[in-house]
1. Could you give the angle, 0 to 90 degrees to the nearest 10, between helix 201-214's Cα long axis and the longest principal axis of the Cα atoms of the chain?
2. How much length is gained on full extension from residue 27 to residue 67, taking 0.36 nm per residue of separation minus their Cα-Cα distance?
3. Can you tell me the equivalent ellipsoid semi-axes for region 19-116? Use √(5λ) from the Cα gyration tensor, largest first, whole Å.
4. Using the alpha-carbon atoms, what tilt in degrees (0 to 90, nearest 10) does helix 240-256 show relative to the longest principal axis of the chain?
5. Take the alpha carbon atoms of region 185-236, find their center, do the same for region 152-174, and report the distance between the two centers in whole angstrom.
6. Please give the helix 57-69 orientation as an angle from the longest Cα principal axis of the chain, in degrees from 0 to 90, rounded to the nearest 10.
7. Would you mind calculating the gained length between residue 237 and residue 5 on full extension (0.36 nm times residue separation, minus the Cα-Cα distance), in nm to one decimal?
8. Taking 7 Å along the Cα-to-C-beta vector as the label spot, tell me the residue 226-residue 145 distance in nanometres, rounded to one decimal.
């Protein structure tokens, strides 16, 4: 039997996979989600969401995708790992994702210009003539090379007098910030700039309780004491991914040691075990 069933749970509550159903909407995540949807609805073009590793960018992108794909008149594709060897490979992938046929007059391999013309034609046909909203979301955007970023800047030039015909969302780590801010003719075109920060202690508690409820926990007794939550907040510095990992280990600890509640002593023991290899190496 899985450990979570022993604790009265229906499923794993603290997986680090980006499941939209376990997406806790902190004040910042809720604000980011709302502002992204407004930017897309108004067809404002480029939106940028930055945050350190583990702040919930990928889960946010999955939640946004879930919401947008349920809307009619909207076409969306996501790139989760944007590693390309060349601009042409990047453009070929974009064409394939949007089902764009790229032809040449002599039947030769398409050039970068051929791809750009085909993408421009597609965007105008679908967005302007077909009145659809086209969304491209790129996660881990810090992996994009400078030439690929330049391709995106070129595509963002496609617009009507009223709106941009491609809604581009870049989600990435903080290392992307100086790269984009250094490209003035791109930085000035970013309609939404948003930075995700770690959670405060109240939000850490809400996240833990939310995930437990989503996993089917219905007891009137809390599974984590306030003291444990305070220690988890301090140790993880409020990063959702770290919180999930510590809480997962804490629930396993309860089952293995036949305990009923995660208190400060449990969290202290988990931290001690996690830090022991580093203390042995660097102590």
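Taken together, the values in this text are just the output of simple stated rules run on the coordinates, not laboratory data. Because the structure is predicted, anything quoted here is derived from the model rather than measured. Glycine gets a Cβ as well: all are built from the backbone with ideal geometry, and neighbour counts include every protein chain shown.
1. 90 degrees
2. Numbers: separation 40, 0.36 × 40 = 14.40 nm, distance 1.81 nm.
Length gained between residue 27 and residue 67: 12.6 nm.
3. Numbers: eigenvalues 207, 50, 28 Å².
Taking √(5λ) for each eigenvalue gives 32, 16, 12 Å, largest first.
4. In the chain, helix 240-256 runs at an angle near 40 degrees to the longest axis.
5. 31 Å
6. 60 degrees
7. Numbers: separation 232, 0.36 × 232 = 83.52 nm, distance 2.90 nm.
Here the answer is 80.6 nm.
8. About 5.6 nm separates the two model spin labels.
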